[in-house]
Structure formats: C-alpha cells, structure tokens
Amino acid sequence: MTKVSSVDSTPQPPKGAKSRVRLSRRVRGFLALPVAALILSGCTVPSFGAYESNTETGRSTYHLWQGFSIAAAIIGGLTLLLILWAVVRYRRKSVDAIPKQTQYHLPLEWFYTIVPILIVFGLFAATVVVENKVTAEPKPAVTVDVQAVQWGWSFSYPGTNALITGQTTQAPMFEIPAGENVHFVLNSTDVVHGFYLRDFNFSRLAIPGIANQWTFNAINTGEFFGQCTELCGLYHSIMYFRVKVVTPSEFKAWVAKFNTPEGARAAEAAALASKQQLSSIIPTRPTTNHGVN
Amino acid sequence: MKLEARILLLLGLFFGLMVAVYWPWSHETGGSIMIFAGMLLGFLPGSYYWWWSRRMAPRPEDRDDGSLEEGAGVIGSFPGSSIFPFTLGMGAFCSVLAMVFGIWMLIPGVGLIFWALTGATAESRRSGEH
Amino acid sequence: MTDVLEHAAAEGHSHDEHGHDEHHGPSGLLKWLTTTDHKIIGMSYTITSVIMLVVGGAFAELIRIQLMSPNGTLVNYAQYNELFTMHGSVMIYLFAGPFAFGALANFVVPIQIGAPDMAFPRLNALSYWLYLSGSITMLLGFFTAGGAANFGWVGYAPLSNAANSPGAGADLWIGALLLTGFSAIFTGVNLVATIFYLRAPGMTLFRMPIFTWNLLVTGILILLAFPVLTAGLIMLFADRHFGTHIYEVAGGGVPVLWQNIFWFWGHPEVYILALPFFGMTTEIISVFSKKPVFGYKGMVFATLTIAALSLGVWAHHLFTTGTVLLPFFSIMSLLIAVPTGIKMFNWIGTMWQGEIWFSTAMLMALGFVITFLIGGLTGIYLASPPLDFFAHDTYFVVAHFHSVVMALVFAGLGGLYYWGPKMTGYLLDERIGKSQFWLTFIGAQLLTFPMYILGLKGMPRRMANYPHDPQWKFMNDLSSVGAFLIGIGTLLFVVNIVYSWKRYPAGDNPWDAGTLEWFTSSPPPHHNFYRLPQIRSERPTWDYNHPDKKALAHGHAAPEGNH
Ligand code: HEM
Ligand SMILES: [Cu+2]
Ligand SMILES: [Cu+2]
C-alpha cells in the first residue's frame, strides 16, 4: 500500500458557491406549497426507481427526482398517447386518398409553445430551491479532506491525526458522524476522478488544482459503498471506497484513536478490514498487456 | 439575401445577449470569450450580407414570384473532375501521421499538399471544367 | 468499396432516362478518386459512415458481452477502456456526424433546392478524403504497440496527457479528430454557401424543405463549434509533445479548461448530429402522412432556437466540477426542451388527420419519435444540477444518450429507406425492412431501459466489471439481449441490401413525395436536373402532381397561396 501525500489544506472556495439564485420570499412561499405537499406525502409518491438517500440534501434531491418524474410521466404519457392515437386512427384507408392539407393552426402552436415554457420555469424553480439546499454550506462540525489518486483514496481530518488511505479493492473506509454537518474538500493530484456515494444521491468530480467542496448531513448510521465514477485510467472500475456513518460520540472516539501509533494502526487496519471480502469476489486476472503507464 | 443576413444577425444578437448575461454573472473568461466569438461569427458575415443585400436587387431565389426563366443561363462553373482534392487529402493524411510515426512522413505530406495546391490553382486558371 | 461505388455510379448512367449524359469524365477507380459530384461523394460518405456504424456496433456488442457477468473475462481492464473509447469515438466522430451532414445531406440538399452541385465541389471532395483518412487514422490505433486511445471519447485532460496516455493511439486519436474536424468545417462552409447562393429561382428560404433548413442551421453550428474543438486539440497535442502546460496544473495550466473547450464544441455537436436527423424524420413523416409539414414556420423557428441555445449549455456536462454557474446552465438547458417539444408536437400534428402509409421508412421515423421522446424526457432530468449530481457518470446518463442516439439511428435508417431508392434507383425490400425495424426497435428499448435502472441503482459508466454488486447482472443481461437484437437487425439490413440489389426499380417518385429531388430521375443525372417545376411552396413536386391540393391553414377553405 502506498501512502498518499497529505492534502493541501488551503483550498480555494468553489466558484459554484456564488452562483446561487435568490428567489423572492413570495416566490419561495408559493413554491414551498407543492414541494411541502410532495414531502408530506413522500411515502405515497412512488420512488420512480431512485433511492431515498441517507442525507438531508440527498432526500431533497430524491423529492426533486419524484417531482420531475411525475412531470415526465404526465408529459411523456400524453405525448405517447397522442402519437399512438395518430398512428392507430390515421392509418391510410386507401392508396390514393389525399387528406386535407392542413399546415398551420396558430392557436394550437402557441399553446404548445407557451405551456412547455411554463412547465420549464416550474421545473427550474424547483431545481433552484433544491440546488440551494444541496450547495448550501452551513457551519460544519467536521471537515474531511478527500484526496483521490490513481487508483485509491485518502481521507484526512484537518486538525486531527486521523488518516485513512487505501487502494482499489481495499475500499478504504472513512467515518463521519450522523446528524452533523460534514464538510468535504475534494482534491486530486493526478487525473480527474469522481467521488460518488450512491446511497447519498451525490457525486462530485475530483479535479487537479480545484478544491471541490460541499457539506452534507448523514441521517442513519451504517456502512455505505462508494466508487470512482470518472474515468481515471486502468483500474477505474475498481476504485472503491466506503463510508461508515457512526454516532457523534463513536466518531470522536474513532478520531482519538489516531493519537497513538498503535491506535492509528488498528483503526487503519479496521478501515481496510473487509478487504478480504471484497477481493475474494474480484478474481486475480491478467490486468494488462499494453497501453498502461 | 436580406433574410439570410437577418438570420445571421439575429444569431449574433442572441449570442451577444447571452454573453452580456453570462460574463457579469460568472466572470468566467473561457466561456465568455467563446460565446463572444460566436457573436462575431453571427455579426461579421451577417453585416456583410446586410450591406450587400441593400445594394442589390433581390435575386430570383429571394422573391416569392421568382420564375424559372429568370434563372436561365449560366449558374456557375462546376469542375467536372479533379484529382487535387484527393492529393490534398492524402497530403493532410500523411502530415497528420507524421505527428505519430515520425517527421519523415512530412516529406510525402508536404509534397502532396504542394502538388495539390499548385495543381489546383493551375486547374482553376485553365478553368478545368467542362 | 470502390466496386460498390463504381456500380452505383455506372447505374446512374444506364438508368438515366433522358439518356444523354453530357459528362465524360474518367471511369473506374480514377473516377472515384477524382469525382467532385456531390452525389457520388454523398454515396461514398453514406457507405463509409454505415461501415463505421457497423464497426462501432461490433465494439458495442463486445462491451455488452463483457458486461453479461460481474466478472466478465472477455477483455481486461486496459482493453475495456480501449473498447468503449473506440466505440464512442467511432460512433460519434466517424458515424453519426459524417452520416448526418455528409451522407444524405450531401446527396439531397443540392437537389432539394434545385442546384446542380454543392457550391464548392472540390472542397466537398476534400471533405470526404479528410473524413476517410481521419477514420483510418483513428482505427490505426489498434495496430500500434500501445493500443488504441483509452481515455474515453471525451479525452479528459489530464488523463489524455503524455504521462497518463503515452501511446501512439492517443496521438492517432487527436490526429483523426483534426482531420475529421477540418472535414466537418469544410462541409459546413459548403452547406451554408450552397444554400445561400445556389437555390433555384422562387426557392426562397421559407420554401426550403425542412431537411435543407436543418442542414443550413447545422452548417452554421459546425462553423461555430468545430474550430473550438480543433483549437483545443492542438493545445492538447502541444501539451503532449511540445512541453506546454495548458491543461496541466504543474505548469500553471487548468485541467477543466479542456472540459470547457470540449463541451463548448460537444454540446452543439449533439445538435449538429441531431438536426439533420430531425430533418429526415420531418420529411418522412410528412410524405407518408400525405400532408405538408405541420407548423412549418414553427419548425424553422424551433431549429434556429435550438441552435442558438445550444451554444449556451455546454457546462451542464460540468455541473459536478463545482466550477460552473449552475442556474445559468440549468435554465438554458431546460429551455432547449421547448423548441424540441415544438418539433415533437409538429410531428404529431403532421400525422394528425393524415393518411399514414406504414412503409419501413415511416416505421423508422416513428421509432425515432418514440425513442427520442424517451431520450428527451430523461435529458430534462440531467439539466437539473441536483439530479445531475445524483446521476452524473452513471448508467442513467449512458441510457439517456443511447435513447437519443438510437433514435438518430432510426431516423438515419429511415432516411436510407426513403432516399436510398433515389440514390441507387432501386427500392429496398419492405418485408425485410419491417423485420429489421421491429428487431431494432425492441432491441433499442431493451438496451436502454435496464441501463436507466442500473444507473439509478448506482452502476457507474465505464466499468469493466462489477464484482461488488453481482445483482446488477440481471439488468445487464437484459441490456445485452437488446444489443444482440439490434445486431441481428443490422445484419438484416445488410441482407436486405444484398437481396434487393437491382430487384425493385424505384421510378422517379415512388412515395408521391413533394420535394424537388423527387422531380428528377432516380438516380438523378449529372448536375441533377433537365427541367424544374415552378417553385411556389416547399413542395414543388407535390404542387406539380396535385395542383388542386395546396397546403391550408386551419379553418381556411381556400388555398393560402404562398405561406
Ligand atoms: C448496438 C447499439 C449500441 C450498443 C449496444 C451500445 C452500448 C454501449 C454501452 C454499453 C456503453 C457504455 C460503456 C461503458 O460506459 O462502459 C456505450 C457507450 C457509448 N456509446 Fe453506445 N451503444 C450502441 C450504439 C451507440 C450509438 C449509435 C452511438 C452514437 C451515435 C453510441 C455512442 C456511445 C458513446 C458516445 C458512448 C460513451 C463512450 C465513453 O464512455 O467514452 N452508442 N455504448
Ligand atoms: Cu476513476
Ligand atoms: Cu450537452
């Protein structure tokens, strides 16, 4: 296992942060209604195949997903019905029948121009509400510096000694406290990688020279799987990691372990403990014959 | 010609508005320059066509009542066949391969390009059409 | 390849009904090498790009075989990276683009506006030779020691720099893109100049068929977008070989600059690909519903709007970089749904109260409409940054763009069934064609639906295996079955071409179509026309054949004259 060089802890603020649209209070109140209705009835609205997510922001994303899916189902369903109706109803009756040569119907054309514009602005408004939540940076309780390299991850916690490093199927597991705002600073030293936690409905790219930052708040404790989503070379397919969400007190205890060398070793070993499990399902196989650095 | 000009000018105008919103909001140089260049690509040929269209009578193809008789006569001269597009293409091919397989491939590459350029020029002078 | 072309060209002469072709050029191979005839060039483009579709499709089948098991062993990691890179690159750069603006466009556009050829025939020929040599250049990568390019079809820096991708395959990929890029630019110049300067008298802009309109706008978009890619590639090459650091942090460069440049070309490219196919669909639906294009002017407006907006949405591919102005790119991207929706409803409006003839071409166009509806709707999700954070770089995205590109494949096949007879003089077999349609249609949906689900379950794209989640196998298997159906469908297409070879003479106008190309013979003579009808609408041939059936506005009993 190679050690990854430690993270540069003077990240620039992300430019995305200033890109937030403020909606007037009235618009927000207006929008809050359907969004609230959607959230309240969350259990009755189908999931449309998505995960509910284990973070507050991820759940907002999930509700946005539901909203978009309802809109898509209605619009798509209607359009499909129109297509099928036309196909069934207007099949030709005789080879040389010539129908009326209607070419324009302005009121109708205006209708299907204006209505989509309204729908689009509705979707945009809902997007902005959720986007502001997802990109919000409330005061964090914990900061995690994530460093992606070919083909592994290292997770460190500024101001502490905690450091977890691991490669490919070692799937290094870092820990965060549940119910607290955790701030992430994501970096890469070589190529572009993708930090993706599917159970959190979230991903961000790790780009050399840019500190990509966000804050989220995990809800339930447990172990969650993550992996690299941006093509980064040979072992991109198996650039795994895991996150363990624990209670805040467990988290404090875990971080404290790193203050002694023995504790740190134990914690690191524990973070790679399931290594056997993961690598047993990954066969040893010829990995490369050419084209690799 | 007026309509052609108008389309390009409108596209340029749209990109102009876009960069006027985008630049102050994002202060992102790369994208702003690219949209600005897009605006120029609408405005430069657009204003040329506009300038032209005001100095010429609408062509038969610009008029709703343009009739075929007006189009009689020479449309333009079209080359029948020419080897030079092929030689120029192969010259470019060799030159690009020189980037990979070694600088020596520039010899056939540049040679073919030179042959094609001189040949095509001479062909046009002779008006090598039928 | 030469043989086939030779045949097609020879037929052009023997089936020339007017019998006096005054053009006496070279013959044989030399004829192909020296031709400047847009019809032969269009034919060459068609054949080459369809071959590229088959090559790209073969890579896709290999990908799908690999993914049928969580521990696929058909290829290793390195080879897998090459496979999807070359699949994506061949499909986008060598099939979809050239097919869209080089193949049918080259053949049809000049004829649709009553022109004898493209404005710059020699430049047109050069476009083809650059495209062909670009294609060869890209595929040569497989024969180099390091293998073909393996950094994805988007070639993100710094993975594509010399340190991370040292092989010759990467340089060949760059070289290929330079060649095909210039080829595209020249085609763009040619299309715009041809449409601006070579229209027949009376063929005003608002009487051009929608297909030609869309190619005019495509041409403009090419001129706006491709130079950016070319510049970006030259800088990438300089970084790789001349020690510059444009995309490298080490020397003060900026890696995301490549992403910005690439997608500043890449998103307009999506419409450069799509608009010609939209045009084909529009023509086919109109002809086989026996009605004029519904909302013709709205259609033109929608095309122009799509083009204008497409320059301002590139960064929706960069939402997860944390460096872009999310709301701006979100609203711009969402807005593109509006003109696209207008087109969708215009297609439905064209069919409405028509007399629909379900020929293979029409089925393919319907396949386009339905598949594109799915791809369009799922695209709307991705325009919303939070949803993109959630779906980016997963199979949801792969599914989304395959709904779109498979729709384009339907439109293209429809175009071949529709215009093929004009190009060769012979119809394709309808029974085989319909079987091909159903196989491909079912295959395309079966390919993409499981991909959507896999994406939602968290399967990232570009994965050679997925041992940590073996339960993904089922959906992957379904998807692979879909891919095989598409493969069989494509084989049927080849069978159809062989079977129908010189079997069903087409005549000038087998579909009772309305645009000018159906006024001349199949295939058209050298320089296309011996005579033209008077042009008073976008369907001069229809007006000529059905003088009493002019297009109407709703509620108007009498012909509107010109519109
Ligand atoms: C038989 C039909 C097709 C099948 C089975 C197929 C299958 C696939 C699969 C499975 C992937 C994902 C590979 C991965 O991420 O690991 C992929 C990627 C891709 N496909 Fe297709 N595809 C087909 C047709 C097309 C067509 C017609 C186009 C374009 C015109 C296309 C363009 C792409 C592109 C651009 C990528 C992304 C490559 C990359 O990630 O760099 N595909 N295809
Ligand atoms: Cu990766
Ligand atoms: Cu895009």
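The values are calculated or read from the model by the stated rules, or taken from the named source; none is laboratory data. Given the structure is predicted, the values throughout are model-derived calculations rather than measurements. Positions of Cβ are backbone-derived with ideal geometry, glycine not excepted, and every protein chain shown enters the neighbour counts. For accessibility, only protein heavy atoms count, side chains too; no ligands or nucleic acids. Shrake-Rupley method; radii C 1.70, N 1.55, O 1.52, S 1.80 Å.
Residues of chain C were split at every exposed loop site, defined as trypsin sites (Lys or Arg not before Pro) in a DSSP loop with at most 15 other C-beta atoms within 10 angstrom, and the longest piece left, sites excluded, is C:1-501.
Computed on protein heavy atoms with a 1.4 Å probe, the accessible areas place A:CYS232, B:CYS94 in the order B:CYS94, A:CYS232, largest first.
To the nearest whole number, what is the average tally of beta carbon atoms from other chains within 10 Å of the beta carbons of peptide C:342-355?
On the way: counts 4, 0, 6, 9, 2, 3, 7, 9, 3, 7, 9, 6, 11, 10.
The per-residue average across the peptide is 6.
Full extension of the chain between B:TRP104 and B:LEU40 gives 19.1 nm of extra length, using 0.36 nm per residue less the Cα-Cα distance. Computed as a quarter of the hull surface, the mean projected area of the alpha carbon convex hull for the protein assembly as shown stands at 39.3 nm². Take each residue of peptide A:192-199, count the partner chain Cβ atoms within 10 Å of its Cβ, and average: the result is 5. Taking 18 Å as the straight-line reach from the Cα of B:LYS2, the lysines in range (excluding those fewer than 8 positions away in the same chain) are C:LYS297.
If one takes the longest principal axis of the Cα atoms in chain C, at what angle in degrees, from 0 to 90 and to the nearest 10, does the Cα axis of helix C:255-288 lie? It works out to around 30 degrees.
Under the simplified labelling scheme, the B:LEU10-C:ILE234 pair shows an inter-label distance of 3.3 nm, with each label point 7 Å from Cα along Cα→Cβ.
What the protein assembly as shown shows is 35 Å² of accessible area per residue, with the surface traced by a 1.4 Å probe over protein heavy atoms.
The C-alpha atoms of chain C define a longest principal axis, and helix C:360-382 lies at about 40 degrees to it. Grab the DSSP H runs of the protein assembly as shown that are 4 residues or longer, score each as -39,500 (n - 2.57), total them, divide by all residues and round the 222 nm result to the nearest 500 deg cm²/dmol. Calculated mean residue ellipticity at 222 nm is -19000 deg cm²/dmol.
Solvent-accessible area assigned to carbon and sulfur over the protein assembly as shown amounts to 68 percent, based on a 1.4 Å probe.
The magnitude of the dipole of the protein assembly as shown, with charges of +1 and -1 set on the Cβ of Lys/Arg and Asp/Glu and taken from the Cα centre, is near 1620 debye. Per residue of peptide C:219-226, the mean number of Cβ atoms on other chains within 10 Å of the residue Cβ is 3. In this label model, A:THR247 and C:TYR504 are separated by 7.6 nm, measuring between points 7 Å along each Cα→Cβ vector. Heavy-atom accessible area buried between chains C and B is around 5200 Å² (1.4 Å probe, both sides summed). Remark: accessible surface ordering of A:TYR51, C:TYR466 (largest first) is A:TYR51, C:TYR466, probe radius 1.4 Å. Of the trypsin sites (Lys or Arg not before Pro) found in region B:6-95, the ones in coil according to DSSP and having at most 10 other Cβ atoms within 10 Å of their Cβ are B:ARG54, B:ARG55. Positive-end ranking of B:ILE35, A:PHE216, C:LEU83 along the dipole of the protein assembly as shown, with charges on Cβ about the Cα centre, is headed by A:PHE216. Just tell me which lysines come within less than 21 Å, Cα to Cα, of C:LYS434; anything on the same chain fewer than 8 places away is out. Candidates past the 8-residue exclusion: A:LYS93, C:LYS290, C:LYS422, C:LYS502. What the Cβ-Cβ distance of C:LEU29 and B:THR121 gives, at R0 = 30 Å and to the nearest 0.05, is a FRET efficiency of 0.75. Of all lysines in the structure, the ones whose alpha carbon falls short of 24 Å from that of A:LYS244, not counting any fewer than 8 places away in one chain, are A:LYS3, A:LYS133, A:LYS139, A:LYS252, A:LYS257, A:LYS275, C:LYS457.
Compared with the dominant principal axis of the Cα atoms in chain C, helix C:121-140 is inclined by about 30°.
Summed over both chains, the contact between A and C buries some 8900 Å² of accessible surface at a probe radius of 1.4 Å.
Ranked by accessible surface with a 1.4 Å probe, highest first, in what order do C:PHE211, C:PHE449 come? Show your work: numbers first, answer last.
Values: C:PHE211 0, C:PHE449 105 Å².
From most exposed to least exposed: C:PHE449, C:PHE211.
Just order C:487-500, C:369-382, C:143-156 by mean Cβ neighbour count inside 10 Å, highest at the front, would you?
Details: C:487-500: 17.0, C:369-382: 22.4, C:143-156: 20.9.
Descending mean neighbour count gives C:369-382, C:143-156, C:487-500.
Dipole size of chain C about its Cα centre, with +1 on Lys/Arg Cβ and -1 on Asp/Glu Cβ: approximately 660 debye, rounded to the nearest 20. Dipole orientation for chain C: of the candidates C:TRP352, C:SER127, C:ILE65, C:TRP352 has the Cα lying most toward the positive pole (charges on Cβ; Lys, Arg +1; Asp, Glu -1). Projecting the Cα atoms of C:ALA407, C:PHE262, A:ALA267 onto the dipole axis of the protein assembly as shown, where Lys and Arg carry +1 and Asp and Glu carry -1 at the beta carbon, places A:ALA267 farthest toward the positive end.
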